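Participant: Below is a structure I'd like to ask you about.
We did not get these values from a lab; they are worked out from the coordinates using the rules stated. Quick caveat, the model's predicted, so the values are computed rather than measured. Here Cβ is always computed from backbone atoms with ideal geometry, including for glycine, and neighbour counts include all displayed protein chains.
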Amino acid sequence: MGGLLPAVVQDAASLRVLMLGYMNREALQATLERGRVTFFSRSKGRLWTKGEQSGHVLELVAIAPDCDGDALLVQARPRGPTCHTGRTSCFPAAPGDAVAELDAVVAARLVEAPAGSYTRRLLDAGLARIAQKVGEEGVETALAAVTADDVALRGEAADLVYHLLVLLRARGLDWDAVRAELARRARPAPG
């Protein structure tokens, strides 16, 4: 392909596929040196850093080749929409991690503190109140399970996850920390 490799860009937090671009050796080097995802634009015939005009850059987290070394997976943190249409992804139906996306909303509430936000009220009530809510939601989830009410179980499980995310953020942790712990536990024990 004339020295170009397809580069699939994935949101490092939500795992949603954001876009496809092409990298040559220079684009890869620029990406690694600057920490901003850079491609070789086939239409412009030059290196192009995502967001150079819009400001919606992709901050590099990791790059890995596929098993054949003929494509790259680029994990990045998007700073604004990735697609030129203003959407999060160039692939509107691309699946992502809904929990990670909710965690991002909770994180934003920590900073923005919009008036009337339930998340903000929980955070302002303090760690003990948030922990109490996690306990309440855990009990409600268990009760929905034993009464075989699947609709209630889905709803209570969602409430439990939300309150757990708020509790994690209140303690300075995030969903990535839990995901990393789960990945650690999933690795086989040495020996």
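Participant: Out of segment 17-75, which trypsin sites (Lys or Arg not before Pro) are coil in DSSP terms and have no more than 14 other C-beta atoms within 10 Å? Mind showing how you got there, number by number?
Facilitator: Values: sites: Arg25, Arg34, Arg36, Arg42, Lys44, Arg46, Lys50; in loops: Arg42, Lys44, Lys50.
Listed in order of number, the matching sites are Arg42, Lys44.
Participant: What are the extents of the Cα atoms of segment 37-131 along their three principal axes, listed from largest to smallest and rounded to whole Å?
Facilitator: 55, 33, 23
Participant: Now, a different point. For Glu112 paired with Asp70, estimate the spin-label separation in nm (one decimal), with each label point 7 Å from Cα along the Cα-to-Cβ line.
Facilitator: 4.4 nm
Participant: For an R0 of 22 angstrom, estimate the FRET efficiency from the Cβ-Cβ distance between Glu26 and Glu52 and round to the nearest 0.05.
Facilitator: Numbers: r = 15 Å, r/R0 = 0.69.
Efficiency at R0 = 22 Å is approximately 0.90.
Participant: Rule-of-thumb check for segment 139-184: C-alpha Rg over 2.2 N^0.38 Å? Walk me through the numbers before you get to the answer.
Facilitator: Values: Rg = 12.9 Å, N = 46, 2.2 N^0.38 = 9.4 Å.
It is 1.37.
Participant: Just to be sure I follow: if Rg is taken over the C-alpha atoms of segment 5-78 and Rh is the Kirkwood radius over the same atoms, what is Rg/Rh?
Facilitator: Details: Rg = 11.2 Å, Rh = 12.0 Å.
We get a ratio of 0.93 for segment 5-78.
Participant: Relative contact order (percent) for segment 5-78, with alpha-carbon contacts under 8 angstrom and 6 or more residues of separation?
Facilitator: On the way: 150 pairs, mean separation 24.2, N = 74.
Computed over segment 5-78, the figure is 33 percent.
Participant: Still on this model: If neighbour count is taken as other Cβ atoms inside 10 Å, put His56, His163, His84 in order from fewest to most.
Facilitator: Values: His56 16, His163 22, His84 11.
Exposure proxy ranking, most exposed first: His84, His56, His163.
Participant: Using the number of other C-beta atoms within 10 angstrom as an exposure proxy, rank Thr88, Thr31 with the fewest first. Could you put the intermediate results ahead of the total?
Facilitator: On the way: Thr88 18, Thr31 24.
The fewest-first ordering by Cβ neighbours comes to Thr88, Thr31.
Participant: Before anything else, pin down the relative contact order of segment 98-186: Cα pairs under 8 Å, at least 6 apart, normalised by residue count, whole percent.
Facilitator: Details: 65 pairs, mean separation 30.0, N = 89.
It rounds to 34 percent for segment 98-186.
Participant: Given N residues in the chain, what is its alpha carbon radius of gyration divided by 2.2 N^0.38 Å?
Facilitator: Working: Rg = 20.5 Å, N = 191, 2.2 N^0.38 = 16.2 Å.
Compactness ratio reported: 1.27.
Participant: If we count other beta carbons within 10 Å of each Cβ, what is the order of Asp11, Asp97, Asp70, fewest first?
Facilitator: Numbers: Asp11 24, Asp97 15, Asp70 10.
Ordered from fewest to most neighbouring Cβ atoms within 10 Å, Asp11, Asp97, Asp70 come out as Asp70, Asp97, Asp11.
Participant: Given 0.36 nm per residue, what is the gain on full extension from Ala93 to Ala186 after removing their alpha carbon distance, in nm? Don't skip to the end; give the middle numbers.
Facilitator: Values: separation 93, 0.36 × 93 = 33.48 nm, distance 2.86 nm.
Extending this stretch completely gives an extra 30.6 nm.
Participant: Sticking with this one: For the chain, with only Lys/Arg (+1) and Asp/Glu (-1) charged at the beta-carbon, what is the dipole magnitude about the Cα centre, in debye rounded to 20?
Facilitator: Details: 23 positive and 23 negative charges, 148 e Å.
Once rounded to the nearest 20, the dipole reads 720 debye.
Participant: If you split all Cα-Cα distances of segment 98-186 into 5 Å bins from zero, what percentages do you get per bin, shortest first?
Facilitator: 3, 15, 21, 21, 20, 13, 6, 1, 0
Participant: Here is a further query. Report relative contact order for the chain in percent, whole number only (criteria: Cα-Cα under 8 Å, sequence separation at least 6).
Facilitator: Values: 279 pairs, mean separation 31.8, N = 191.
RCO, the chain: 17 percent.
Participant: Per 0.36 nm of contour for each residue apart, how much would the distance between Lys44 and Asp149 grow if the chain were fully extended, relative to their Cα-Cα spacing?
Facilitator: Values: separation 105, 0.36 × 105 = 37.80 nm, distance 5.71 nm.
Taking 0.36 nm per residue and subtracting the Cα distance, the gain is 32.1 nm.
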